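Okay, so here's the structure we're looking at.
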Amino acid sequence: MATGALSSAITPAFEGLEVFGGEIYHTAQWPHEGMDFTGRRVAVIGTGSSGIQSIAIIAEQAHVDLDAIVFATGFHALTGSLGTIDTVGRGRELPRDDWAHGPRSYLGLGDDGFPNLFVVTGPGAPAVLANMVLHAESHVEWIAEAIGYLEAHGYAASSRCRMPSRIGSPNSISAPRPPCSRKPTRGT
(Lines give C-alpha, C1' and ligand atoms only; values in the text may rest on other atoms or scores of the structure.)
Protein backbone atom coordinates (compact mmCIF):
# COMPACT_ATOMS: atom_id res chain seq x y z
CA MET A 1 0.00 0.00 0.00
CA ALA A 2 1.41 3.39 -0.90
CA THR A 3 -1.06 5.69 0.84
CA GLY A 4 1.49 8.27 1.95
CA ALA A 5 2.56 9.03 5.48
CA LEU A 6 1.47 12.63 5.04
CA SER A 7 -1.98 11.88 3.66
CA SER A 8 -4.14 12.05 6.78
CA ALA A 9 -4.30 15.66 7.99
CA ILE A 10 -4.86 16.66 11.60
CA THR A 11 -7.67 19.16 12.11
CA PRO A 12 -8.12 20.16 15.74
CA ALA A 13 -11.59 20.21 17.26
CA PHE A 14 -12.29 23.18 19.49
CA GLU A 15 -15.40 24.88 20.80
CA GLY A 16 -17.00 27.31 18.36
CA LEU A 17 -15.45 25.93 15.19
CA GLU A 18 -18.79 24.52 14.02
CA VAL A 19 -20.45 27.95 14.20
CA PHE A 20 -17.57 29.94 12.70
CA GLY A 21 -19.01 31.92 9.79
CA GLY A 22 -15.80 32.43 7.85
CA GLU A 23 -13.74 30.21 5.63
CA ILE A 24 -11.71 27.28 6.98
CA TYR A 25 -8.71 25.81 5.20
CA HIS A 26 -6.10 23.19 5.96
CA THR A 27 -2.73 23.23 4.27
CA ALA A 28 -3.37 19.64 3.18
CA GLN A 29 -6.51 20.61 1.24
CA TRP A 30 -5.40 23.97 -0.05
CA PRO A 31 -7.57 25.38 -2.88
CA HIS A 32 -5.79 25.49 -6.22
CA GLU A 33 -7.06 28.94 -7.12
CA GLY A 34 -9.12 31.87 -5.94
CA MET A 35 -7.27 32.60 -2.68
CA ASP A 36 -6.80 36.25 -1.75
CA PHE A 37 -6.23 37.22 1.88
CA THR A 38 -5.61 40.90 1.13
CA GLY A 39 -7.15 43.04 3.89
CA ARG A 40 -8.61 40.02 5.67
CA ARG A 41 -8.21 38.93 9.28
CA VAL A 42 -6.76 35.43 9.19
CA ALA A 43 -5.79 33.11 12.03
CA VAL A 44 -3.14 30.50 11.36
CA ILE A 45 -3.37 27.61 13.79
CA GLY A 46 -0.26 25.50 14.26
CA THR A 47 2.66 27.86 13.81
CA GLY A 48 5.24 25.95 15.85
CA SER A 49 5.99 25.35 19.49
CA SER A 50 6.61 29.00 20.42
CA GLY A 51 3.33 30.04 18.86
CA ILE A 52 1.42 27.23 20.50
CA GLN A 53 2.88 28.04 23.92
CA SER A 54 2.03 31.73 23.71
CA ILE A 55 -1.35 31.50 21.96
CA ALA A 56 -3.06 29.97 25.01
CA ILE A 57 -2.10 32.94 27.20
CA ILE A 58 -2.91 35.53 24.53
CA ALA A 59 -6.28 33.92 23.76
CA GLU A 60 -7.43 34.37 27.37
CA GLN A 61 -7.27 38.17 26.95
CA ALA A 62 -7.87 38.74 23.27
CA HIS A 63 -10.91 38.57 21.03
CA VAL A 64 -10.55 38.94 17.30
CA ASP A 65 -13.27 38.61 14.68
CA LEU A 66 -11.89 36.52 11.84
CA ASP A 67 -12.73 36.11 8.20
CA ALA A 68 -10.81 32.87 7.74
CA ILE A 69 -8.92 30.17 9.62
CA VAL A 70 -5.99 28.25 8.17
CA PHE A 71 -4.98 25.00 9.84
CA ALA A 72 -1.28 24.24 9.48
CA THR A 73 -1.54 21.50 12.08
CA GLY A 74 0.26 18.68 10.34
CA PHE A 75 -0.59 15.10 9.58
CA HIS A 76 -0.86 11.70 11.19
CA ALA A 77 2.67 11.10 9.96
CA LEU A 78 3.20 7.83 11.81
CA THR A 79 0.20 5.98 10.40
CA GLY A 80 -0.96 8.11 7.47
CA SER A 81 -4.37 6.92 6.34
CA LEU A 82 -3.77 3.26 7.26
CA GLY A 83 -6.04 3.56 10.29
CA THR A 84 -8.96 4.57 8.09
CA ILE A 85 -8.66 1.74 5.56
CA ASP A 86 -10.65 -1.41 6.29
CA THR A 87 -7.91 -3.90 5.47
CA VAL A 88 -8.74 -7.10 7.35
CA GLY A 89 -5.86 -8.96 8.98
CA ARG A 90 -5.21 -12.63 9.62
CA GLY A 91 -7.29 -12.57 12.83
CA ARG A 92 -10.07 -10.46 11.22
CA GLU A 93 -8.76 -7.32 12.92
CA LEU A 94 -8.39 -3.90 11.34
CA PRO A 95 -5.18 -1.85 11.55
CA ARG A 96 -6.84 0.74 13.82
CA ASP A 97 -7.82 -2.04 16.27
CA ASP A 98 -4.50 -3.88 16.01
CA TRP A 99 -2.67 -0.62 16.69
CA ALA A 100 -4.91 0.56 19.54
CA HIS A 101 -1.86 0.83 21.82
CA GLY A 102 0.37 2.21 19.10
CA PRO A 103 1.31 1.05 15.63
CA ARG A 104 4.10 -1.42 15.13
CA SER A 105 5.81 -2.66 12.04
CA TYR A 106 8.99 -4.12 10.68
CA LEU A 107 10.99 -1.19 9.29
CA GLY A 108 7.72 0.49 8.33
CA LEU A 109 7.19 -2.21 5.69
CA GLY A 110 4.59 -4.49 7.24
CA ASP A 111 2.89 -5.89 10.33
CA ASP A 112 2.77 -9.56 11.32
CA GLY A 113 -1.03 -9.51 11.63
CA PHE A 114 -1.36 -8.51 7.98
CA PRO A 115 0.72 -10.92 5.87
CA ASN A 116 1.33 -9.82 2.30
CA LEU A 117 0.27 -6.26 3.13
CA PHE A 118 3.41 -4.35 2.32
CA VAL A 119 3.43 -0.65 3.14
CA VAL A 120 5.56 2.12 1.67
CA THR A 121 6.78 4.47 4.44
CA GLY A 122 4.52 2.88 7.04
CA PRO A 123 4.58 3.26 10.84
CA GLY A 124 8.11 3.34 12.19
CA ALA A 125 9.72 3.88 8.81
CA PRO A 126 12.73 6.18 8.90
CA ALA A 127 11.27 8.06 5.91
CA VAL A 128 9.52 10.73 7.97
CA LEU A 129 12.83 11.52 9.68
CA ALA A 130 14.94 11.80 6.56
CA ASN A 131 14.67 12.07 2.79
CA MET A 132 11.20 10.64 2.21
CA VAL A 133 11.64 10.11 -1.54
CA LEU A 134 14.84 8.12 -1.05
CA HIS A 135 13.24 5.94 1.62
CA ALA A 136 10.05 5.44 -0.40
CA GLU A 137 12.14 4.24 -3.32
CA SER A 138 14.07 1.82 -1.11
CA HIS A 139 10.78 0.51 0.32
CA VAL A 140 9.38 -0.09 -3.17
CA GLU A 141 12.57 -1.92 -4.17
CA TRP A 142 12.51 -4.05 -0.99
CA ILE A 143 8.83 -4.90 -1.46
CA ALA A 144 9.38 -5.87 -5.11
CA GLU A 145 12.30 -8.11 -4.13
CA ALA A 146 10.30 -9.67 -1.28
CA ILE A 147 7.35 -10.43 -3.56
CA GLY A 148 9.75 -11.88 -6.12
CA TYR A 149 11.34 -14.07 -3.44
CA LEU A 150 7.97 -15.32 -2.21
CA GLU A 151 6.81 -16.06 -5.74
CA ALA A 152 10.06 -17.77 -6.77
CA HIS A 153 9.94 -20.08 -3.75
CA GLY A 154 6.20 -20.86 -3.89
CA TYR A 155 5.25 -19.06 -0.70
CA ALA A 156 1.69 -17.79 -0.24
CA ALA A 157 2.24 -15.57 2.80
CA SER A 158 5.12 -13.38 3.83
CA SER A 159 5.15 -14.40 7.49
CA ARG A 160 3.49 -16.51 10.13
CA CYS A 161 5.52 -15.22 13.04
CA ARG A 162 5.60 -12.02 15.04
CA MET A 163 7.58 -9.26 13.40
CA PRO A 164 9.77 -7.31 15.78
CA SER A 165 8.35 -4.00 16.89
CA ARG A 166 11.77 -2.43 17.24
CA ILE A 167 12.77 -0.27 14.33
CA GLY A 168 16.07 -1.28 12.77
CA SER A 169 18.62 0.74 10.90
CA PRO A 170 17.50 2.00 7.49
CA ASN A 171 20.65 0.34 6.13
CA SER A 172 19.30 -3.05 7.18
CA ILE A 173 16.69 -3.02 4.40
CA SER A 174 18.73 -5.28 2.19
CA ALA A 175 17.50 -8.86 2.27
CA PRO A 176 14.03 -9.58 0.89
CA ARG A 177 13.76 -12.73 3.04
CA PRO A 178 10.98 -12.22 5.61
CA PRO A 179 12.41 -11.38 9.06
CA CYS A 180 11.29 -14.57 10.79
CA SER A 181 12.89 -17.68 12.21
CA ARG A 182 10.21 -19.80 10.54
CA LYS A 183 9.78 -20.09 6.81
CA PRO A 184 6.85 -18.39 5.07
CA THR A 185 3.73 -20.41 4.32
CA ARG A 186 3.84 -22.50 1.17
CA GLY A 187 0.83 -22.95 -1.08
CA THR A 188 -1.86 -20.79 -2.57
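Assess whether Ile167 counts as being modelled with pLDDT of 80 or more and surrounded by fewer than 21 Cβ atoms within 10 Å (Cβ to Cβ). Let's see the steps before the verdict.
Values: modelled with pLDDT of 80 or more: no; surrounded by fewer than 21 Cβ atoms within 10 Å (Cβ to Cβ): yes.
No; evaluated as a whole, the condition is false for this residue.
Would you point out the residue of region 1-23, among those that are of a type in the set (A, V, I, L, M, F, W, C) and modelled with pLDDT under 75, that is nearest to the chain's Cα centre (by Cα)? Spell out the reasoning first.
Our first condition is that a residue be of a type in the set (A, V, I, L, M, F, W, C); within region 1-23, this holds for 1-2, 5-6, 9-10, 13-14, 17, 19-20.
With the extra rule that they be modelled with pLDDT under 75, the set shrinks to 1-2, 5-6.
Values: Met1: 11, Ala2: 10, Ala5: 3, Leu6: 6 Å.
Only one residue tops the list, namely Ala5.
Give the residue, chosen from Thr79, Thr87, that is within 24 Å of Thr11 (Cβ to Cβ) and either modelled with pLDDT of 80 or more or in contact with a Lys or Arg (Cβ under 8 Å, 6 or more places away or on another chain) (or both). Spell out how you get there, then give the answer.
Numbers: Thr79 fails: either modelled with pLDDT of 80 or more or in contact with a Lys or Arg (Cβ under 8 Å, 6 or more places away or on another chain) (or both).
Among Thr79, Thr87, only Thr87 is within 24 Å of Thr11 (Cβ to Cβ) and either modelled with pLDDT of 80 or more or in contact with a Lys or Arg (Cβ under 8 Å, 6 or more places away or on another chain) (or both).
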Pull out all pairs, ordered by first then second residue, where Cβ-Cβ is under 9 Å, the residues are six or more apart or on different chains, the first lies in region 131-157 and is more than 15 Å from Leu107 (Cα to Cα), and the second is part of a helix (DSSP H, G or I).
Val133/Ala127; Tyr155/Tyr149; Ala156/Leu150; Ala157/Leu150
Among the residues of region 71-111, write down those that are in a strand (DSSP E or B) and closer than 16 Å to Leu129 by Cα.
Phe75
Among the residues of region 15-48, count how many are in contact with a helix residue (DSSP H, G or I) (Cβ under 9 Å, 6 or more places away or on another chain) and farther than 14 Å from Gly74 by Cβ.
1
Somewhere in region 24-33, is a residue over 25 Å from Met132 (Cα atoms), acidic (Asp, Glu), modelled with pLDDT of 75 or more and surrounded by 11 or more Cβ atoms within 10 Å (Cβ to Cβ)?
no
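The values are calculated or read from the model by the stated rules, or taken from the named source; none is laboratory data. In this text the structure is predicted, and so the values were computed from the model without any measurement. Ideal geometry is used to build each Cβ from the backbone, glycine not excepted, and the neighbour counts take in all protein chains shown.
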